[in-house]
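See structure below.
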Amino acid sequence: MLARTADPSHTLPVILVIDETSASLDYLTRAASCYAKGRLLQEFCFEHLDCYAALKNWYTRNRSRFVSAIVQAIDFSGTQQETKLLDSRDVGVPVPLGLDPKAFQGFLIYVSLRNNLDRVTPVIFFARPDQLVNAQRFSDFVVFPGHGTCAFAPGPLSEAPCADEVITRLDNLVLRPLGPDERREWRNTHAMVIGRSRKMVSLVHEIKRIGPSDATVLLLGKPGTGKELVAIALHRLSYRYADDPPERRLPHTVNIASLDHNLLEDDLFGHIRGAFTGAVADRKGVFEVAKGSTVFLDEIGDISHNIQIKLLRAIEYHRIKRLGSPTETSVDMRIVAATNRTVAEIQSRFRTDFYTRLVQSCIMVPSLKERWEDEPVEVIQDDIAEATNFFVEQMNANPRHTRKLTADEGVIRFLTALVRGYLEGANNLFEGNMRTLRNVVERAYERAQFEGTPAVHTGQMITTIGLLKYMSTKTPGSDTATIEQVVGSLNMAAIERQAISEALKKCHGNQSQAAIVLGMHRDTLRRKMAEYGL
């Protein structure tokens, strides 16, 4: 079976093969044709690139392509055109003594890939066993918290065992787009809207990979990205989530930022009677209470060095010591931690031994910008539609809402335009990430319930969007503009009146067109015009 030709319009996910010679592509596709009846050749499009410049150009031209995996050579010693090679000084990687730069060119390409092009795609290196020795020299650059999976296969691809091993690993490591049923399952089971973006598919891949293990996990991500939802999903996928419904529990959550040092230590480890003034009885900490379950430590970036030492012992040996107790107690729990700090920040704040242990299983939860920054508009709009409809469905499930609403198509287009503006730097509306998107939909839903409309319209989002927009708008030579400065009032009705007035002006008084712009029914517009004297 022949490899599929590179076609810019091809809709299949792509596997990139980076090597100085295209023969590696032939070896791989030949092995793929014999594996699982050629299934991988039916699922993916294989494409060959011979250097980093070609890789960079490919990403520039194919921003909307779904890259499922990269197969990467380490040794480029046969390269005749020196201009194709990356210089280690440009990449910021020191040259090991006595090593030809061509021999580790693959690592330089990898570092540049992760820093500039793609942080999530799984990468499989291939090289002779003696060349793989160089991997240890570059481990500090190849392995980075939150980056995609990195694997190694010994032997040249020209030898069948190596090509077969790479194909087998590809089948296990590739990112596969989630189908409608899988996305529905993640919404219904984990309350997570995954959508079609590659960053979210990578997140699901990592959750499914790490969830069934008992590994301690660190979640990295900005506020409002859904780190607690990820922690719950990890717990649900582990053996600690009991099959018997009465035993099903959510992780035990401790918000570290909300507690001072003394309260935090007591919350985590507990105390014995007489440990301090007021300790009139023994008290179990969360690590004991969560026996057999999971503990979610939110904002772990704020803990002191003293608690880091005690946490390290809990992680390593599953033993803790209550405050005031001379003896240790065994505990059975899994730790999932989260922080909105960067890797550099936590590395500087944490003890080396604690940092090293904590980041061994690390998941990056993408911000709204990271989620959609490289995606085509149709993916963004479909994902926003999926999220909006899910938020509306959750509001409909509230028994106090007797009327079940839907989301108008205009709402989806309106939110898509706002998100695209945010991605392009035209507004700062979604600095709160998916939490902000949810809040906008929920506030509009509440207004729709009050106004008696059967669907949520764009016009019902105006007040919330207006508040967000004008609070984040910059005016020349001043700090953030206030609503009062821009609109001339802090009255919400005045903001809505202003929006209707501008829509009518934009549409030259045509009420039908203005209603479409505002995302509301023409009768609603007329009623509001009469109400506001327009």
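The values are calculated or read from the model by the stated rules, or taken from the named source; none is laboratory data. Quick caveat: nothing in here was measured; it's all calculated off a predicted structure. Backbone-built Cβ (ideal geometry, glycine too); neighbour counts: all protein chains shown. Areas reflect the complete protein model, heavy atoms only, side chains present, ligands, DNA and RNA absent. Shrake-Rupley method; radii C 1.70, N 1.55, O 1.52, S 1.80 Å.
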Pop out the ³J(HN,Hα) list for region 375-389 in order, Karplus 6.51 cos²θ - 1.76 cosθ + 1.60 with θ = phi - 60°, rounded to Hz; leave Gly and Pro as x.
-> 9, x, 4, 5, 5, 4, 5, 5, 5, 5, 4, 4, 5, 4, 5
Near residue 291, which lysines are there with a Cα under 25 Å away, not counting those fewer than 8 places off in the same chain?
-> 208, 227, 310, 321
Between residue 62 and residue 262, what FRET efficiency follows from the Cβ-Cβ distance if R0 is 60 Å, with the result rounded to 0.05?
-> 0.65
With all distinct Cα pairs included, what does the Kirkwood hydrodynamic radius of region 242-360 come out to in Å, to one decimal, could you say?
-> 15.0
Starting from the Cα of residue 279, step 7 Å toward the Cβ, then list every residue of region 328-350 with an amide N under 17 Å from that point.
-> 328-330
log₁₀ of I(q)/I(0) at q = 0.16, 0.19, 0.22 Å⁻¹ - region 178-264, Debye sum with one point per alpha carbon = -0.73, -0.97, -1.20
Lysines near residue 505 by alpha-carbon distance under 25 Å, same-chain residues fewer than 8 away left out - which ones?
-> 469, 474, 528
Based solely on its DSSP helices, what 222 nm [θ] is calculated for the chain when runs of n ≥ 4 H residues each add -39,500 (n - 2.57) and the sum is averaged over all residues, nearest 500 deg cm²/dmol?
-> -13500 deg cm²/dmol
Checked against the structure, the computed P(r) over Cα pairs in 20 Å bins from 0, in percent among (1) 18, 43, 32, 6, 0; (2) 22, 55, 21, 2; (3) 17, 34, 22, 11, 8, 6, 3, 0 is the one labelled (1)
With the Cα gyration tensor of region 63-125 in hand, give its eigenvalues times 5 under a square root as the equivalent ellipsoid semi-axes, listed largest first in whole angstrom.
-> 22, 13, 11
Karplus couplings for region 274-289 from phi (6.51 cos²θ - 1.76 cosθ + 1.60, θ = phi - 60°), rounded to Hz, Gly and Pro as x?
-> x, 4, 7, 4, x, 7, 8, 8, 5, 9, 7, x, 5, 5, 7, 4
Non-local residues with an amide H under 5 Å from the amide H of residue 48, with H modelled 1.01 Å from N and Pro and chain starts lacking one, are 17
Taking only protein heavy atoms and a 1.4 Å probe, what accessible area per residue, in Å², does the chain have with all protein chains in place?
-> 47
Top positive-direction residue, dipole computed over the chain with Cβ charges, set 237, 174, 390 = 390
The extension gain from residue 352 to residue 373, computed as 0.36 nm times the residue separation minus the Cα-Cα distance, is 4.2 nm
Separation of the residue 309 and residue 215 label points, Cα + 7 Å toward Cβ, nm = 2.9
Between region 374-433 and region 270-293, what's the alpha-carbon centroid distance in Å?
-> 45
Theoretical FRET efficiency, 1/(1+(r/R0)^6), r = Cβ-Cβ of residue 189 and residue 249, R0 25 Å, to 0.05 | 0.95
Under a 5 Å amide H to amide H cut-off, with H placed in plane at 1.01 Å, what residues pair with residue 407 once short-range neighbours are removed?
-> 456
When DSSP beta bridges are limited to those with both residues in the chain, what percentage is antiparallel, rounded to the nearest 5?
-> 10
In Hz, Karplus ³J(HN,Hα) per residue of region 335-342 (6.51, -1.76, 1.60; θ = phi - 60°; x = Gly, Pro) = 10, 10, 10, 8, 8, 9, 7, 7
Under 5 Å from the placed amide H of residue 319, counting only residues 5+ away or on other chains, we find 314, 331
For the pair residue 413 and residue 90, what calculated FRET efficiency results from E = 1/(1 + (r/R0)^6), where r is the Cβ-Cβ distance and R0 = 30 Å, to the nearest 0.05?
-> 0.10
Report, ordered by chain and residue number, the aspartates and glutamates lying within cross-link reach of residue 56, taken as a straight Cα distance under 16 Å and ignoring same-chain residues fewer than 8 apart.
-> 19, 20, 47, 87, 90, 118, 374
Added length on full extension, which subtracts the Cα-Cα distance from 0.36 nm per residue, residue 158 to residue 396 | 79.8 nm
Which length gain, in nm to one decimal place, applies between residue 532 and residue 42 when the Cα-Cα distance is subtracted from 0.36 nm times their residue separation?
-> 170.3 nm
